[in-house]
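Student: Just passing along the structure, written as structure tokens.
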Amino acid sequence: MPTAILVGGQWGDEGKGKVIDILASQTDMVIRSQGGNNAGHTVVHDGTTYKFHLIPSGILFPTCQCVIGNGTVLDPRVLMEEIDGLHEKGISTDHLVISDRAHMIMPYHPVFDRLEEEARGDDRLGTTYRGIGPAYADKIRRIGFRIGDLAKPRFLAKKLKFVLRLKNEILRGLYDTELFEEDVILDEYIRLGEQLRPYIRDIFPMVQEALRADSKILLEGAQGALLDLDFGTYPYVTSSSPTAGGALTGSGIPPREVDSTIGVFKAYSTRVGYGPMPTELTGEVGDVMRERGAEYGTTTGRARRVGWFDGAVARYSALLNGVDSIALTKLDVLSEYETIRVGTGYFFRGEHFEFPMSNISHLKHCEPVYEDLPGWMAPIADAKRWEDLPAACQRYVERLGELIGAPVDLISVGASRDETILRKLPY
């Protein structure tokens with residue numbers, strides 16, 4: 001059963017793209033299982049930087065079948081731009097497949113995303129305005145469009161007439177804003193359907209065949225477990241399930257086929273948007289960490305909030321996902337700190353709490369419990385083996401593994417592919 005699930009262990013942006021790039025060279029199939037173009041993976045491959053928003057990072061390897069799974073939501077316009085961008089760099093997409101069950105982001109979804117966020121006022125969530133939430137909401141309401149519908153123009157036209165009437169009534173009555181024209185959307189999406197048609201298919205038989213053949217399959221998650229719709233810091237979460245369980249649903253793979261779950265954790269904490277982040281650093285210390293780590297969103301360019309590693313969050317995430325192997329990223333960013341703090345729990349009104357706390361508002365006001373570890377005050381980007389790391393650096397890595405509850409098998413000490421220490425192949 002050579003199938004592995006790769007999940008983000010924190011609030012996303014953990015560096016999953018690099019880990020996938022390392023593993024994809026020896027993987028037969030990579031499946032992106034959830035999320036949309038609100039997430040992104042940055043990969044430095046052969047000296048070139050690639051920014052992926054929808055396409056699995058394994059696309060850089062011609063022998064790796066890349067699948068956009070049924071659990072995703074796709075903006076076909078953004079997808080075509082990404083495909084064209086790869087072609088301009090000489091990267092083939094012949095090994096890309098899109099599930100016909102994946103739902104589409106329609107032109108009105110980003111508009112509703114922005115209007116609804118603005119209506120929240122001070123209670124806004126910090127969405128990316130990409131239309132992800134409204135698209136998932138329509139999926140649940142059963143008025144969504146699947147990408148397979150692009151091959152059925154008459155069905156598309158009939159359904160769009162009904163759905164667009166609902167959307168325009170809300171836009172007119174509630175927001176008093178510009179309405180959408182059915183013919184304009186239909187013409188554009190039929191054209192996009194013709195362009196994307198070679199990639200669209202029912203992926204279930206293909207995935208099952210790969211399982212029967214004992215092919216190596218990697219399920220690529222987007223975002224992080226603490227943004228999960230059910231188990232994250234609700235309501236400051238994404239609109240899908242970026243957990244190991246969500247990866248199975250979004251790809252059509254049964255639990256018995258999974259061999260391992262790899263949790264990707266950054267050596268410190270980051271978060272985009274609003275919501276509680278107990279170990280957050282503000283002021284100069286946070287600004288310096290942000291600049292050293294180039295902590296700006298791949299998709300939006302927004303500055304990420306930064307903080308010390310939160311062991312309570314990481315331990316919860318590992319239990320939730322069944323993490324049995326850790327990939328630790330951006331360790332090099334901490335190389336200039338004399339003392340490095342690690343959060344191990346919280347105090348709220350004099351009582352000690354673990355994550356999760358029963359009330360999300362409590363998490364906003366709790367005080368983290370810190371453990372101070374000595375820094376190593378030396379560059380580590382040239383380290384190729386575990387033994388090359390300073391003793392204090394080794395102790396820091398080991399302590400994070402203890403807090404998370406799994407071995408640290410892969411350590412990233414720089415942005416490029418070769419700046420990686422493999423203590424053990426995660427799967």
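Student: Can you tell me which of 149-158, 93-102 comes out highest on packing, and rank the rest after it, using the mean Cβ neighbours within 10 Å? List each step's numbers first, then the result.
Tutor: Details: 149-158: 14.5, 93-102: 19.8.
Ranked by mean Cβ neighbours within 10 Å, highest first: 93-102, 149-158.
Student: Antiparallel DSSP bridges in the chain: what percent, to the nearest 5?
Tutor: 45 percent
Student: Using the crude model of +1 on Lys and Arg Cβ and -1 on Asp and Glu Cβ, and no other charge, please compute the dipole size for the chain relative to its Cα centre, in debye to 20.
Tutor: Charge dipole of the chain: 1040 debye, to the nearest 20.
Student: Here's something else I'd like to know. Can you work out ³J(HN,Hα) from phi for every residue in region 338-352, in order, using Karplus 6.51 cos²θ - 1.76 cosθ + 1.60 and θ = phi - 60°, giving whole Hz and x for Gly and Pro?
Tutor: 6, 10, 10, 9, 10, x, 10, x, 9, 10, 9, 6, x, 10, 8
Student: Using only the Cα atoms of region 58-159, each taken as one equal point scatterer with no solvent, compute I(q) by the Debye sum, divide by I(0), and report log10 of the ratio at q = 0.10, 0.22, 0.24, 0.25 Å⁻¹.
Tutor: Reported log10 I(q)/I(0), two decimals: -0.35, -1.15, -1.24, -1.28.
Student: On to the next question. Treating each Cα of region 226-321 as an identical point scatterer and ignoring solvent, apply the Debye formula and state log10 I(q)/I(0) at q = 0.13, 0.24 Å⁻¹.
Tutor: -0.53, -1.34
Student: Taking the chain as the region of interest, what is the percent of Cα-Cα pairs per 20 angstrom bin, listed from the shortest bin to the one with the maximum distance?
Tutor: Spelled out bin by bin, the chain gives 27, 56, 17, 0 percent.
Student: So how long is each side of region 324-427 along the principal axes, counting just the alpha-carbon atoms, biggest first, in Å?
Tutor: The principal-axis extents, from largest down, are 46, 34, 21 Å.
Student: For Asp324, what accessible surface area do you get with a 1.4 Å probe? Give it in Å², rounded to 10.
Tutor: Roll a 1.4 Å probe over it and Asp324 shows about 70 Å².
Student: Please list 344-353, 192-201, 313-322, 392-401 highest first by mean number of surrounding beta-carbon atoms within 10 Å per residue.
Tutor: Numbers: 344-353: 13.8, 192-201: 15.9, 313-322: 22.2, 392-401: 18.2.
The densest-packed peptide leads the list: 313-322, 392-401, 192-201, 344-353.
Student: Taking only Cα atoms, what is the 0 to 90° angle, nearest 10, from helix 203-212's long axis to the longest principal axis of the chain?
Tutor: With both axes taken from Cα atoms, the answer is about 40 degrees.
Student: If you don't mind, there's one more thing I want to ask. Mind ordering 54-65, 378-389, 328-339, 220-231 by average Cβ neighbours within 10 Å, highest first? Don't skip to the end; give the middle numbers.
Tutor: On the way: 54-65: 22.0, 378-389: 13.7, 328-339: 19.5, 220-231: 26.3.
Top of the packing list down: 220-231, 54-65, 328-339, 378-389.
Student: What trypsin sites (Lys or Arg not before Pro) does region 35-99 have in DSSP loop regions with at most 12 other beta carbons within 10 Å? Please report the intermediate quantities before stating the final value.
Tutor: Numbers: sites: Lys51, Arg77, Lys89; in loops: Lys89.
Passing sites in region 35-99 are Lys89.
Student: Here's something else I'd like to know. Where does the chain land at 222 nm, in deg cm²/dmol rounded to the nearest 500, when only DSSP H runs of n ≥ 4 count, each adding -39500 (n - 2.57), divided by all residues?
Tutor: Numbers: 12 runs with 135 residues, N = 427.
Per the formula, -9500 deg cm²/dmol.
Student: Counting Lys +1, Arg +1, Asp -1, Glu -1, what net charge surrounds Thr243 among other residues with beta carbon under 11 Å of its beta carbon? Walk me through the intermediate numbers first.
Tutor: On the way: positive: none; negative: Asp228, Asp230.
For residues surrounding Thr243, the net value is -2.
Student: Take every Cα pair under 8 Å in the chain that's 6+ residues apart, average their separations, divide by the length, and report that relative contact order as a whole percent. It would help to have the intermediate numbers written out before the result.
Tutor: Values: 934 pairs, mean separation 86.4, N = 427.
For the chain, the relative contact order is 20 percent.
Student: Also, I was wondering about something else. Roll a 1.4 Å probe over the protein chains and send me the accessible area per residue for region 108-235 in Å².
Tutor: 55 Å²
Student: Still on this structure: Once fully extended, how much extra length lies between Ile170 and Ala391, figured as 0.36 nm per residue of separation less the alpha-carbon to alpha-carbon distance? Kindly include the intermediate steps, with their values, before the conclusion.
Tutor: Numbers: separation 221, 0.36 × 221 = 79.56 nm, distance 6.12 nm.
Gain in length upon complete extension: 73.4 nm.
Student: What does the charge add up to near Tyr370, with Lys and Arg as +1, Asp and Glu as -1, over the other residues with Cβ less than 14 Å from its Cβ?
Tutor: Net local charge, Tyr370 excluded: -3.
Student: Here is a follow-up. Can you give me the % of accessible surface on region 186-310 that is carbon or sulfur? Probe 1.4 Å, all protein chains present, nothing else counted.
Tutor: That share works out to 50 percent.
The values are calculated or read from the model by the stated rules, or taken from the named source; none is laboratory data. Keep in mind it's a predicted model, so treat the numbers as computed, not measured. Cβ: placed from backbone, ideal geometry, glycine included. Neighbour counts: every protein chain shown. Side chains included, ligands, DNA and RNA excluded: accessible areas come from the protein's heavy atoms. Shrake-Rupley method; radii C 1.70, N 1.55, O 1.52, S 1.80 Å.
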